[in-house]
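The values are calculated or read from the model by the stated rules, or taken from the named source; none is laboratory data. Bear in mind that the values here come from a model prediction, so they are computed numbers and not experimental data. Quick reminder, even Gly has a Cβ in these numbers, built from the backbone with ideal geometry, and neighbours come from all protein chains shown.
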């Protein structure tokens, strides 16, 4: 049996010595669900409960609890927290409040317990604030959903975070993007795949799409690989557009699974949508399979950069891109200032 980390040679409890560990930035996020009835939830949203503004008080309670964690959990190290926050999402179906608590530090041990304690106390505070009108409140699913930093690196559940968290690390694209200041068209293809990023699957769609785009005679083309992370995708697309890349094609994340977020990640950064492109991709998909109705392909522009979000299926991505290729050269010319007449005589 392996040695217990919290028991010494005499069998007595001990605090683990972490002085030999490296100091790194560490973040943890925990989640809890507080189930309410519909009437209580309506009163909470209207701030009409007898004890006042429930969520504001619960947020403060969670932050205070995180700072007290080492006093509540035996052998838990006191940490200089650099950031604590509690965020909420009110849900009508079923009536409930989802909450996330995040904690960060720069130190030699993690902040998982701080995040979990903050989530638990924030949830318990919601109960305390509503118990005058409802006694059968249920607090459930208190758990860690993200941990970063330290030797073990990143842990994250499959569920997307309810809110963006700026102090969690973004996975870096493979390879890293470079600014494009030369003449001609720079084409980027971004593949979104957790397994591909982890080296557990070979990316088939990206190389095929990049090969098809040779028809545009780009001066530069490059394939990028990212896990399914909406913040990382949004940042990479914004960086590429700001660096002069003229065409960005993504593959993956346009379906209905819990990890399919590509439209939600990219729509906020677009200046203009291209509904004609989207209709062509939708129609093309339907000619091959009725399941194409599930696709949420996207097209638009960011400044003078064109963005096209294709399905993750290699065949579907090929078919959709092939349907757009005849008009892409003209579209890129118009986007970059060509003032010639588009009409036909």
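Total residues in the range 75-88 satisfying the condition of being farther than 13 Å from residue 119 by Cβ and touching a residue at least 12 places away in the same chain (Cβ under 8 Å): the figure is 8.
Residue check: residue 255 meets all listed conditions (1) in contact with a helix residue (DSSP H, G or I) (Cβ under 8 Å, 6 or more places away or on another chain); (2) at pLDDT below 95; (3) crowded, with 20+ Cβ neighbours inside 10 Å but one, namely (3).
Table: residues versus (1) over 25 Å from residue 264 (Cα atoms); (2) part of a helix (DSSP H, G or I); (3) at pLDDT 95 or above.
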residue: 176; (1), (2), (3): no, no, no
residue: 180; (1), (2), (3): yes, no, no
residue: 187; (1), (2), (3): no, no, yes
residue: 195; (1), (2), (3): no, yes, no
residue: 199; (1), (2), (3): yes, no, no
residue: 210; (1), (2), (3): no, yes, yes
residue: 218; (1), (2), (3): yes, no, yes
residue: 228; (1), (2), (3): no, no, no
residue: 234; (1), (2), (3): no, yes, no
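Does the range 258-276 contain at least one residue that is touching a residue at least 60 places away in the same chain (Cβ under 8 Å) and closer than 23 Å to residue 326 by Cβ? Checked against the condition, which is being touching a residue at least 60 places away in the same chain (Cβ under 8 Å) and closer than 23 Å to residue 326 by Cβ, the range 258-276 yields no hits at all. If you go through the range 194-210 and keep only what is buried (at least 22 other Cβ atoms within 10 Å of the Cβ) and touching a residue at least 60 places away in the same chain (Cβ under 8 Å), you end up with 205, 209. For the range 294-313, a tally of residues being modelled with pLDDT under 95 and not in a loop (DSSP other than H, G, I, E, B) returns 1. Evaluated against (1) in contact with a strand residue (DSSP E or B) (Cβ under 7 Å, 6 or more places away or on another chain); (2) assigned to a loop (DSSP other than H, G, I, E, B), residue 27 falls short on exactly one condition, (2). All conditions in (1) within 15 Å of residue 137 (Cβ to Cβ); (2) in contact with a strand residue (DSSP E or B) (Cβ under 7 Å, 6 or more places away or on another chain) hold for residue 103, with the sole exception of (1). Once the range 126-154 is narrowed to residues that are surrounded by 13 or more Cβ atoms within 10 Å (Cβ to Cβ) and at pLDDT below 90, the residue that is nearest to residue 38 (Cα to Cα) is 146. Restricting 54, 86 to those that are over 19 Å from residue 39 (Cβ atoms) and in contact with a helix residue (DSSP H, G or I) (Cβ under 6 Å, 6 or more places away or on another chain) reduces the list to 86.
Listed conditions (1) more than 23 Å from the chain's Cα centre (by Cα); (2) closer than 25 Å to residue 179 by Cβ; (3) surrounded by fewer than 16 Cβ atoms within 10 Å (Cβ to Cβ) are all met by residue 293, apart from (2).
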